[in-house]
Amino acid sequence: MPASKVENFALRENSNFSRFFYDTSADFSRYDKAIFFPLTFDRMALTEHSDPEFRESWNKSSFEEMDEICQFFDDYIIKKFDDSDVLTLTRTGGPNVLAVEFRLKDFMPTSKRREDALDTVGQSTNSLGVGVLTFQAVLVESQSGRLVAVIEDGLEIKAGSYSVDDRVGRNLAWKRSFQRIVTDLHDDIEQMQRQDS
């Protein structure tokens, strides 16, 4: 795998993400396909700054629960890029193919996980949302293994004006937050392609 030259990396201005480090020597206009790996959560940590009760609840999350949440992200990636003119989906590597992997890094819950929050009778409201999530993404040229970009950011998992703390509200919060991340990625890549063409 070719070594990435740190001196070639710069922080992209006007990115939708708080930190978008990219290889300034890479020609992003050459990439027109992408392999998206499933969203990973195996290294996600619960921040110590969160409420101990919330942290205890999320510590009980099963693989299946987290996998279901991550599936919202994977489904939207497919939907967004399936018919995109920016990057189309592929399963085969090549010099024009980016391999993209998103990783959940840190989560500060602002409420209990769904199963614990919903064990009371009736509906409860939650204006704080589900929590604050930080994530990282790596973009690699699939054929050479060359690292071309690293993204880092965080966002609140909220469902906008939908505050009823039920299954629909929770799922909506995750879906809308993930849609924002995927749309931001799509828009950033599109801008970089235009800039390099």
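Restricting attention to the range 38-56, does a residue exist that is modelled with pLDDT under 95, within 18 Å of Lys105 (Cα to Cα), touching a strand residue (DSSP E or B) at 6+ places or on another chain (Cβ under 6 Å) and part of a helix (DSSP H, G or I)? Checked the range 38-56: at least one residue is modelled with pLDDT under 95, within 18 Å of Lys105 (Cα to Cα), touching a strand residue (DSSP E or B) at 6+ places or on another chain (Cβ under 6 Å) and part of a helix (DSSP H, G or I).
Residues in the range 67-107 that are under 24 Å from Leu172 (Cβ atoms), hydrophobic (A, V, I, L, M, F, W, C) and either assigned to a strand (DSSP E or B) or open to solvent by 10 Å² or more (accessible area, probe 1.4 Å) (or both): Ile69, Phe72, Ile78, Phe102, Leu104, Phe107.
The values are calculated or read from the model by the stated rules, or taken from the named source; none is laboratory data. Just so it is clear, the model here is predicted, and its values are computed rather than measured. Quick reminder, even Gly has a Cβ in these numbers, built from the backbone with ideal geometry, and neighbours come from all protein chains shown. Calculation scope for accessible area: heavy atoms of the full protein, side chains included, ligands and nucleic acids excluded. Shrake-Rupley method; radii C 1.70, N 1.55, O 1.52, S 1.80 Å.
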